[in-house]
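J.: Here it is, the structure, as structure tokens.
The numbers here are math on the coordinates, done by the rules we state, and not lab data. The structure displayed is predicted, hence computed values, not measured ones. Quick reminder, even Gly has a Cβ in these numbers, built from the backbone with ideal geometry, and neighbours come from all protein chains shown.
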Amino acid sequence: MEKENAQRVISDAEFVQWLKLAQSGDQEAMSRILYLFEEDIQKTSRYIRMSREDAVQSIVVDFIEELRQELKTEI
């Protein structure tokens, strides 16, 4: 378990780099960010009153929208 979590730890600089790439449309960077938060998304989905699959999808969509919104507010 600890070994699995250790693979999801990245530096702040690396995260910022992924974030900038994702905001510019890089799908691989967006996938990496989503993977990084996958465990948190799964845990949070337990508290939403809908099917787990729908809850996860809703969280992911909202998260992606927030990441893209962040770009708009910086401009």
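J.: Could you derive backbone 3J(HN,Hα) for region 24-40 from the dihedral phi with the Karplus parameters 6.51, -1.76 and 1.60 (θ = phi - 60°), listing whole Hz in sequence and x where the residue is Gly or Pro?
T.: 8, x, 6, 5, 5, 5, 5, 4, 5, 5, 4, 4, 4, 9, 4, 4, 5
J.: Lys and Arg at +1, Asp and Glu at -1: add these up for the other residues within a Cβ distance under 9 Å of SER45 and post the number.
T.: That works out to +1.
J.: Per q in 0.12, 0.15, 0.18, 0.21 Å⁻¹, report the Debye log10 I(q)/I(0) for region 15-75, using one uniform scatterer on each alpha carbon and no solvent.
T.: For region 15-75, the Cα-only Debye profile gives -0.31, -0.47, -0.64, -0.81.
J.: Within 11 Å, Cβ to Cβ, of ALA29, how many net charges do the neighbouring residues add up to if Lys/Arg are +1 and Asp/Glu are -1?
T.: Every neighbour counted, the sum reads -1.
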